[in-house]
Amino acid sequence: MRDRDLREGGSRPSGFSRRSFLKGASVAAVGTGLATEALADAAPTDGLIREDGVTTVPKGALEITLRVNGEDVAVTVEPRTTLLDALRDRAGLTGTKKVCDRGACGACTLLLDGKPANSCLTLAWDAVGREITTIEGLADGENLHPVQQAFVECDALQCGFCTPGMVMSSVACLQKHATPTPEQIRHELSGNICRCGTYGRVFEAVANAAKNGGGR
Amino acid sequence: MNAFELSLPDTLADAARKAGPNSAFKAAGIDLIDRLKERIDDPETVVDLLRLRDELGGIQATANGAVRLGALTTLQELADATALDAPGFGALREACGEAATPQVRARATLGGNLLQKNRCWYYRSNAFSCAHDGSGDRCLAWHGENKFHALFGTVDCVRVHPSNAAPALVALGAEVEIRGADADSSRRIPIRALYPQSPAARAPEHVLADEEILVAVHLPASAAAGRSAYRESREKLSFDWATTAAAAHLVVEGGKIARASVCLGAVAPNPWPLDDVAERITGQTPSRELFADAARRAFRRAQPLRHNAYKVEVGQAILVDALAAAAGLED
């Protein structure tokens, strides 16, 4: 179940999932935390340059594997490619939106190991070995996530462009505070900007989602 | 963003060896990726530190009450840290818990926060020349749009230091642990020595050499005593860069201030310690009147620019609030 994956991501002690060592189709990549062992296992001939305790990812594109919404997704990225661009332009997951591209608006928010992150300020390589949850991963088939359902019921959007990021921050809020106070909702959503100014409805939706089990 | 190669070192020693004049260290990359996108920085190699959790991560309280904060500790981890529960550490938890946004706090690291570059809009835009980045010969902010710029301590560049954590750590008497190219070149310096003595245009914004890595921040046991507080003003309350900030650490004994340490943020190119304020209020009975008088004196030496004189009034209020909170006078 998607929800269960999400909860596990949220409650997992920091660092645990980063220990996983992913082998992509052509490139072996390391997750955080086990750099030495993992790199010792990595095949240096697969596009990576291995020398003197340093593995170098050269300029240019290589295939890596990202764990997105519980599935392995192969994407071809450069070292400079952001996670946002990798998802949108390589994996075809365009639910995560690009607006400011500088970490100021929150439209690109997703969950990395259960915690909110601006995917525009995250290198795709830094997401290797970590659990990525995007807006596409919230619903269970036709059944919307409680937060999504609450956004629909509260009509918590106008143009809708900030909505995926707003929903992801709302999910992160409810994972942190199962029954948040209005102040906590505002604090946890303070990284998301809505040009249309639908904040009142958004805060209402988060409160309603909490009542409907969105935080559990 | 120009292309770069990404180096994934096995250890801190490998990271230091890989660094050079054309490289940049990266932790979460919050500030670095922004600068790369704006083409303010253009390194050939980005040396990744984020995977070196074993050497750069973790919060450890020692038996004598001192606390070691690994450089990769995130701002959110600091805000929530049970090891920092003592009211003496309050300023650091508050500064980190209010910094930026939840998304940024969840990833941004302590080391990156302390070493981030200034936010002057002339410096941050390659559409403008700038004395600090070397693209121009004079500071455009000095006589231009300088609403968010410095009141104190400027030479020929009116940038302000953007870190929330730095003034709190200065007030708490923290030290930073720095590792050089080889292990025996490690050193520990007071955090105020992390920033340049003369913060002129073109002067590096911190004193670390190319191959040096900020490994950890050490809080002395004395920081746990008493109470500390951090307050900041912003244009936008939900999240914004501080327009003024103040951190205060006070130990009150028998109704008198036995020990004080105070530092301003967002008003000078470096965190701006107020040792004279600390000295003036030590031995006194804490009161809002005492703090207001001290704040007035502290801001008497301010040199406002055309558009930032408001910082003199606002900064005094923020300083009084921080002192009052640290003295337990609030509410």
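Per residue of A:121-127, count partner chain C-beta atoms within 10 Å of its C-beta, then hand back the mean as an integer.
The mean count of partner-chain Cβ atoms within 10 Å per residue comes to 6.
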When ligands, DNA and RNA are left out and all protein chains stay put, how many square angstrom of accessible area per residue does the protein assembly as shown have with a 1.4 Å probe? 40 Å²
Distance (nanometres) between label positions extended 7 Å along Cα→Cβ at residue A:63 and residue B:279: 6.8 nm
Of the accessible area of chain B, with the probe set at 1.4 angstrom, what percent is carbon plus sulfur? 49 percent
Can you sort B:94, B:279, B:205 by 1.4 Å-probe accessible area, starting with the largest? B:279, B:94, B:205
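Applying 1/(1 + (r/R0)^6) with R0 = 45 Å to the Cβ-Cβ distance of residue B:185 and residue B:253, what FRET efficiency is obtained, to the nearest 0.05? Don't jump to the answer; show the numbers that get you there.
Values: r = 41 Å, r/R0 = 0.91.
Working from the Cβ atoms, E equals 0.65.
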Considering only the range A:56-137, percent of DSSP beta bridges that pair antiparallel, nearest 5: 90 percent
What helix-only [θ] at 222 nm does the protein assembly as shown give? Using -39500 (n - 2.57) per DSSP H run of at least 4, over all residues, to the nearest 500, the answer is -7500 deg cm²/dmol
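Would you mind counting up the charge near residue B:170? Only other residues with Cβ under 13 Å from its Cβ, with Lys and Arg at +1 and Asp and Glu at -1. Before the final figure, lay out the partial values.
Details: positive: B:192; negative: B:175, B:275.
So the surrounding residues net to -1.
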If you plug each phi of the range B:76-89 into the Karplus form 6.51 cos²θ - 1.76 cosθ + 1.60 with θ = phi - 60°, what whole-Hz ³J(HN,Hα) values come out, in order, with x for Gly and Pro? 5, 4, 5, 4, 9, 5, 5, 5, 10, 5, 4, x, x, 8
Cut-off under 5 Å, modelled amide H: who pairs with residue A:118 long-range: none
Name the residues whose placed amide hydrogens come within less than 5 Å of the amide hydrogen of residue B:244, ignoring near sequence neighbours (fewer than 5 apart) on the same chain. B:233
Each label sits 7 Å from Cα toward the beta-carbon; between residue A:196 and residue B:301 the label points are separated, in nm, by 5.3 nm
Using the Karplus curve 6.51 cos²θ - 1.76 cosθ + 1.60 with θ = phi - 60°, work out ³J(HN,Hα) for each residue of the range B:146-159 in order, rounded to whole Hz, and write x for Gly and Pro. 10, 4, 9, 9, 7, 9, 10, x, 8, 10, 9, 8, 9, 4
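With the contact rule set at Cα under 8 Å and sequence spacing of 6 or more, what percent relative contact order holds for the range A:146-210? Don't jump to the answer; show the numbers that get you there.
Details: 73 pairs, mean separation 33.4, N = 65.
RCO, the range A:146-210: 51 percent.
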Please enumerate, by chain and number, the lysines with C-alpha under 21 Å from the C-alpha of residue B:236, excluding those fewer than 8 residues away in the same chain. B:147, B:311
Once you list every other residue whose beta carbon is under 10 Å from the beta carbon of residue B:48, what net charge do they have if Lys and Arg are +1 and Asp and Glu are -1? +2
Return the sequence-ordered ³J(HN,Hα) values of the range B:209-223 in whole Hz as given by the Karplus equation 6.51 cos²θ - 1.76 cosθ + 1.60 applied to θ = phi - 60°, using x for Gly and Pro. 6, 3, 9, 7, 10, 6, 8, 7, 10, 10, 9, x, 4, 5, 5
Can you pull out the GluC sites (Glu not before Pro) in the range A:79-156 whose DSSP state is coil and whose Cβ has at most 10 other Cβ atoms within 10 Å? A:142
Provide the convex hull volume over Cα atoms per residue for chain B, in Å³. 129 Å³
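Calculate the mean, over all residues of peptide A:104-111, of how many other protein chain Cβ atoms lie within 10 angstrom of the residue's Cβ. If you can, show how the numbers build up before the last one.
Working: counts 6, 1, 5, 0, 1, 3, 1, 2.
For peptide A:104-111, the averaged partner shielding equals 2.
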Part-to-part distance (alpha-carbon centres) for the range B:95-133 and the range A:149-202, which is given in Å: 26 Å
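I want the local charge near residue B:92. Using Cβ-Cβ distances under 15 Å, sum +1 for each Lys or Arg and -1 for each Asp or Glu among the other residues. It would help to have the intermediate numbers written out before the result.
Numbers: positive: B:68, B:93, B:105, B:227, B:231; negative: B:77, B:80, B:85, B:94, B:98, B:175, B:232.
With Lys, Arg at +1 and Asp, Glu at -1, the net is -2.
Can you tell me the order of A:201-207, B:293-299 when each peptide is scored by its average per-residue count of other Cβ atoms within 10 angstrom, highest first? Numbers along the way, then the final one.
Working: A:201-207: 22.6, B:293-299: 19.3.
Descending mean neighbour count gives A:201-207, B:293-299.
Would you mind giving the total buried accessible surface between chains A and B, with a 1.4 Å probe and ligands, DNA and RNA left out, rounded to the nearest 100 Å²?
For chain A against chain B, roughly 3700 Å² becomes buried.
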FRET efficiency, 1/(1 + (r/R0)^6) with R0 41 Å, evaluated for residue A:52 and residue A:183 via beta carbons: 0.20
Note to self: C-alpha centroids of the range B:29-57 and the range B:205-244 sit apart, in Å, by 20 Å
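Using only atoms on other chains, find how many Cβ atoms lie within 10 Å of each Cβ of peptide B:238-246 and report the average.
Numbers: counts 8, 7, 2, 0, 0, 0, 0, 0, 0.
Mean inter-chain Cβ contacts per residue within 10 Å come to 2.
The values are calculated or read from the model by the stated rules, or taken from the named source; none is laboratory data. Quantities reported herein were computed from a predicted structural model and do not represent experimental measurements. Cβ: placed from backbone, ideal geometry, glycine included. Neighbour counts: every protein chain shown. Note: areas computed on protein heavy atoms with side chains; ligands, DNA, RNA excluded. Shrake-Rupley method; radii C 1.70, N 1.55, O 1.52, S 1.80 Å.
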